[in-house]
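One structure is given below, encoded as structure tokens.
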Amino acid sequence: MGQGVYEYDADQLALELGGIIIDSGFADGSFVKIEPDSMDFTYLLGTDGSVTRSKTKNQVLKVTISLMQSSYINDKLSALRLLDKLAPNGAGTAPFTMRDLNGTTLVAGAHAWIAGIPVIENDRAAKSRDWPIIVADGNVYIGSNPKL
């Protein structure tokens, strides 16, 4: 059991933020990174060696989406960020999803926003733009990909 051939296809990742479908223009290499803000549980070690664990209840996720500087998605994300910055009390919080269409991994949250601008770096060759996104109420299911 466990032996065989499995399928993963980067083109089968569906990313969406606030109705913006992020489906092309990705930088080479790692183009989406999702990490938790903290662990699910913390612990405290007592003098006698006993351990007490506490649920953090922190569902914040840090998402980084890396796009080529030539990607039209940069324009869409810039517009969403500006709407958020210019509107009273912010208007840029929106749903975020990442779904593996060829597997069972799913990341979703109802309240996400662009945390700031990417570092702008120009060179002889095109560079990437790494968009920092915060998901306040992220839910993560790390799944698998099918066996061929």
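The values are calculated or read from the model by the stated rules, or taken from the named source; none is laboratory data. Nothing here was measured: the structure is a model prediction, and the numbers come from that model. As a convention, Cβ positions derive from the backbone with ideal geometry for all residues, glycine included, and neighbour counts pool all protein chains shown. To get the accessible areas, we keep the full protein, side chains included, count just its heavy atoms, and leave off ligands, DNA and RNA. Shrake-Rupley method; radii C 1.70, N 1.55, O 1.52, S 1.80 Å.
Is segment 72-83 home to any residue that is among the aromatic types (Phe, Trp, Tyr) and assigned to a loop (DSSP other than H, G, I, E, B)? Yes, segment 72-83 contains at least one residue that is among the aromatic types (Phe, Trp, Tyr) and assigned to a loop (DSSP other than H, G, I, E, B). Of the numbered criteria (1) in contact (Cβ under 8 Å) with a residue 24 or more places away in the chain; (2) surrounded by 11 or more Cβ atoms within 10 Å (Cβ to Cβ), the one residue 58 fails is (1). Residue 24 meets the conditions (1) assigned to a strand (DSSP E or B); (2) within 23 Å of residue 80 (Cα to Cα) in every case but one. The failed one is (1). Exactly one residue among 52, 42 is touching a Ser or Thr at 6+ places or on another chain (Cβ under 6 Å), assigned to a strand (DSSP E or B) and of a type in the set (S, T, N, Q), and that residue is 42. Against the numbered list (1) open to solvent by 40 Å² or more (accessible area, probe 1.4 Å); (2) over 25 Å from residue 71 (Cα atoms), residue 121 comes up short only at (2). No other residue among 74, 145, 58, 89 is of a type outside the set (Gly, Ala, Ser) and on the phi > 0 side of the Ramachandran plot apart from 89.
If only residues of segment 1-23 that are hydrophobic (A, V, I, L, M, F, W, C) and without any contact (Cβ under 8 Å) to a residue 60 or more places away in the chain are counted, the one that is most open to solvent (accessible area, probe 1.4 Å) is 1. Entry remark, segment 67-112: residues being over 21 Å from residue 28 (Cβ atoms), touching a Pro at 6+ places or on another chain (Cβ under 9 Å), crowded, with 18+ Cβ neighbours inside 10 Å and at pLDDT 95 or above number 3 in total.
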